[in-house]
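Notes follow the structure.
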Amino acid sequence: MGVFSYMASHADLFMRACAQHLQLLGVTMIASCALACVLTLACLKFKRLGDAAVELMGAFYSIPSLALFALLIPWTGLGFTTAVIVMVAYNQFMLVRNALEGLRGVDASVLEAARGMGMSENQVLLTVSLPLAMPAVLAGLRLACVSTVGIATVAAAINAGGLGAVLFSGLRTMNIDKIFGGTICCAALALAFDAVLGAAARACEKRLHIEG
């Protein structure tokens, strides 16, 4: 039986696994973006501390995900919660780093002109800096999203569900069609999110170029 025939005959299995994977991805990205906003604002306010924080996040990102899952299990147990906590922590490096690079890269003369018009610092941030930094922000979001699709697959090792459960099940039973089916679904999800967010970033850059 070919892999696509197997996927068609077990469509309910793959659809359920994809739904679980998307749930993991959705919760993780919402929590990641919320935390990244707070951390980015703190890093902007305290520049030296912000630079050190980004370095620390980079070091944290180099730790294997399975090791972090194992460290958290005694406190948060197996499953969804532990997976989300680890993935949210991983995403901070990409989200905060890119947001800071974008915001700090805004032309100083543009910021001074905005302040000269009587805008407060918050207004300058929200109406001037953030729109100009949006391509970099979206690039970070794109990286984090694609990375989360992959790490969520590994999270099946701690009973978080998703497409990783299909892959691990296929490995245990040496079911090649199941392994390839899970791999195809993971790749399709990653490529889909990469394409959508990539298109959004290009549209944003094009708009800024036209307005500029």
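The values are calculated or read from the model by the stated rules, or taken from the named source; none is laboratory data. The shown structure was predicted, so the numbers you read here are calculated from the model rather than taken from an experiment. Positions of Cβ are generated from backbone atoms using ideal geometry, with glycine treated the same way; all protein chains shown enter the neighbour counts. In case anyone asks, the SASA skips ligands and DNA or RNA and just uses the protein heavy atoms, side chains included. Shrake-Rupley method; radii C 1.70, N 1.55, O 1.52, S 1.80 Å.
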Would you be so kind as to identify which of Phe168, Asn98, Ala155 lies farthest towards the positive end of the dipole of segment 89-212, taking Lys and Arg as +1 and Asp and Glu as -1 on Cβ and the Cα centre as origin?
-> Phe168
Rounded percent of accessible protein surface that carbon and sulfur make up, segment 65-193, 1.4 Å probe | 70 percent
With no solvent and one point on each alpha carbon, what is the Debye value of log10 I(q)/I(0) for the chain at q = 0.16 Å⁻¹?
-> -1.05
Relative to the first principal axis of the alpha-carbon coordinates of the chain, what is the inclination of helix 130-154, with its axis defined by its Cα atoms, in degrees from 0 to 90 and to the nearest 10?
-> 20 degrees
Where does each of Phe193, Phe180 land when they are ordered by accessible area, with a 1.4 Å probe and the largest first?
-> Phe180, Phe193
Give the distance, in whole Å, between the Cα centre of segment 162-189 and the Cα centre of segment 51-87.
-> 24 Å
Mean residue ellipticity at 222 nm from the helices of the chain, using -39,500 (n - 2.57) per DSSP H segment of n ≥ 4 over the full residue count, to the nearest 500 deg cm²/dmol?
-> -28500 deg cm²/dmol
Going by alpha carbons, how many degrees (0 to 90, nearest 10) lie between the helix axis of 11-45 and the longest principal axis of the chain?
-> 20 degrees
For helix 47-61, what angle does its Cα long axis make with the longest principal axis of the chain, in degrees from 0 to 90 and rounded to 10?
-> 10 degrees
Val38 accessible area, nearest 10 Å², 1.4 Å probe?
-> 90 Å²
